[in-house]
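The structure appears right after this line, and notes come after that.
The values are calculated or read from the model by the stated rules, or taken from the named source; none is laboratory data. For clarity, every value in this text was computed on a predicted model and none was experimentally measured. Neighbour counts run over all protein chains shown; Cβ positions are idealised from the backbone, glycine included.
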């Protein structure tokens, strides 16, 4: 009996649960990423059509009443008196729809209008599809990209009359009516497809309520129409069926057999493809069965192995996400409550983005995963004998430990330079650098001594890697664009930006041809590139380079990094950068239940070379360790040794200037700049962050204005004070 039970359990997992989980995740991703955008497009399309209609009415007021009396015989509406009012309303309502403001009420008005036109005027399939789309907005409201969604939380708890009642009513309408409305839409579409497949024209009262004419495309393929009708009616493979029909309609358009109602038909199908068939469907029943199987595997967390992940960077998040449905308890520890998208950190330092644009709270990312616990704290030690980590004075036991603690700045033994040359690894670093740069301009405005003036307007970046290049290029753009006419006693464009690189070229990890192009782009922005130059000393007044003193108020460090003290915690060997030497499965020697990933690990898994300290490498390492743990816990064979797959390297220099290397393909200029932007936006965590970053970039690109030029923190002391300046002072 137990063997039979194990057989069915394995069968359900392999052939039902796992594929269904993958498909469900794909659909969820499709809904979360495309749903809000499609919602906006539907609202804009409907608003455009009816706004144009309102405009035409307003410009033909002299004949509109007579045309209405002759051709618009609505028995319960007198044609002359409401013409002026309806024309104005048809201009206001579409604007509300486009903005997503009072969406349900605006859609309700348009729904009544469209049904009146369909029943009492000229029946058109477009009217029917419009009615379905307006009905969806009435029942479900506008999506996340709307004013209604933004104001919903505040309105429910506001003192405005009826605001709380109407908000709760709207939520109740969506909760109780949405499943039935989805069923109604499915049956309506299925009936129309069924009529086409049967090649039997609809007659009687249903003729004006079924969009038979617009689906004549499917008449040559009655079997396809019949299968589509049955799948949609029963809610079986609904999303796949809807996407297939959309693809067929798109193909018909490509060959030139278009119908005006095809766009509306596709938008209606898009609702089914994105949001599914609803609770009253076969798909939902299958999903419920799969959920029960999953709950049986993951719900009994008591006694399950405990995986502790230290660090909520790219590697830690990737590992935790892969373990979200594994039969383990996961504790994710970080000293910050947010995940930081470090590749765009320099844009916070340069006042292009705000900190919230590139950071997301870790708890929100795993709010739906009951087996993942997020803990805020600083790990201070690891006891490998007792299998415990210490968070301040608290002891936390583990069965498996994953260290993804990243790296910090390395001053190559000259840590006394740190107060005068901050690096860029955290949000605090970025805000501090922004404060120093903007404060330098403010102090230059009031400086009377010319030597002080020159020092304040000199910016030195140490290190010619991607971070140094991006900082230098963005500072050069900052001083040349967007601050004109703001200062009275100096011209910001006279500022001096110096990039110091000890190697023979900048971007040494890129091909030489791209390094040369990047250098030319920097020099085109006015950056002075000093190659084969070494920094010998840094203090509050400037920097010593190759024996030459350069007065500079602002010095930024981008020359090197050192791994976290993970090697000291584990009492194991490390390289000169502090990275822990790991095995083929990223575990530590003699510690098979301890794994190290990301910048903290030294893994020769890139064609025999060390894996670079890049975000993709950390993510791949985190996902690999999660696979190792899942297989080990389920008794399956271990995966092959970890191999890093290098997807490419990118660095941006300024407006329309970037370099990119995808294995043997080199790209530079505007195309590389677009690729850099698209890839970074796609990798951001959260739709809100993606939209905010795109809007900020678009605004800054068109206006040359940076939206976050704020100086925060302690007041800046003058260099004349004579006191030694500590961290946080420029």
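Just to be sure I understand, how many residues within the stretch 314-332 are assigned to a loop (DSSP other than H, G, I, E, B) and crowded, with 24+ Cβ neighbours inside 10 Å? Selection size over the stretch 314-332: 1.
Evaluation of residue 363 against the conditions (1) over 30 Å from residue 439 (Cβ atoms); (2) touching a residue at least 60 places away in the same chain (Cβ under 8 Å); (3) not assigned by TED's automatic domain parsing to the domain that holds residue 595 shows that the sole unmet condition is (2). Candidates are the residues of the stretch 530-573 that are under 35 Å from the mean Cα position of the chain (by Cα) and surrounded by fewer than 18 Cβ atoms within 10 Å (Cβ to Cβ); the one that is nearest to residue 464 (Cα to Cα) is 560. Entry remark, the stretch 644-684: residues being touching a helix residue (DSSP H, G or I) at 6+ places or on another chain (Cβ under 9 Å) and part of a loop (DSSP other than H, G, I, E, B) number 9 in total.
Table: residues versus (1) within 30 Å of residue 552 (Cβ to Cβ); (2) out of contact with any helix residue (DSSP H, G or I) (no Cβ under 6 Å at 6 or more places or on another chain); (3) modelled with pLDDT of 90 or more; (4) surrounded by 20 or more Cβ atoms within 10 Å (Cβ to Cβ).
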{"site": "385", "(1), (2), (3), (4)": "no, yes, yes, no"}
{"site": "393", "(1), (2), (3), (4)": "no, yes, no, no"}
{"site": "425", "(1), (2), (3), (4)": "yes, yes, yes, no"}
{"site": "430", "(1), (2), (3), (4)": "yes, no, yes, yes"}
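Considering each residue of the stretch 516-523 in turn, none proves to be free of Cβ contacts under 8 Å to residues at least 60 places away in the same chain, surrounded by fewer than 23 Cβ atoms within 10 Å (Cβ to Cβ) and part of a strand (DSSP E or B).
Rundown of residues vs (1) over 30 Å from residue 234 (Cα atoms); (2) surrounded by fewer than 17 Cβ atoms within 10 Å (Cβ to Cβ), yes/no style:
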| position | (1), (2) |
| --- | --- |
| 125 | no, no |
| 131 | no, no |
| 135 | no, no |
| 148 | yes, no |
| 162 | yes, yes |
| 166 | yes, yes |
| 171 | no, yes |
| 174 | no, yes |
| 180 | no, yes |
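Among the criteria (1) crowded, with 19+ Cβ neighbours inside 10 Å; (2) farther than 23 Å from residue 316 by Cβ; (3) touching a residue at least 40 places away in the same chain (Cβ under 8 Å), the one residue 691 does not fulfil is (1). Of the residues making up the stretch 479-496, none is in contact with a strand residue (DSSP E or B) (Cβ under 6 Å, 6 or more places away or on another chain), buried (at least 20 other Cβ atoms within 10 Å of the Cβ) and farther than 19 Å from residue 708 by Cβ. Based on this model, can you work out whether residue 502 counts as outside any strand (DSSP E or B), under 26 Å from residue 429 (Cα atoms), in the same structural domain as residue 706 (by TED's automatic domain parsing) and in contact with a strand residue (DSSP E or B) (Cβ under 7 Å, 6 or more places away or on another chain)? No. Selection over the stretch 584-627 of residues that are in a loop (DSSP other than H, G, I, E, B) and surrounded by fewer than 18 Cβ atoms within 10 Å (Cβ to Cβ) gives a count of 9.
Pairing each residue of the stretch 660-678 that is assigned by TED's automatic domain parsing to the domain that holds residue 510 and more than 19 Å from residue 344 (Cβ to Cβ) with any residue that is at pLDDT 90 or above and loosely packed, with under 14 Cβ neighbours inside 10 Å, provided the two are 6+ apart or on different chains, yields C-beta distances under 8 Å for 666/513. Can you find even one residue in the stretch 339-352 that is closer than 25 Å to residue 569 by Cβ, part of a strand (DSSP E or B) and touching a residue at least 40 places away in the same chain (Cβ under 8 Å)? Yes, because at least one residue in the stretch 339-352 is closer than 25 Å to residue 569 by Cβ, part of a strand (DSSP E or B) and touching a residue at least 40 places away in the same chain (Cβ under 8 Å).
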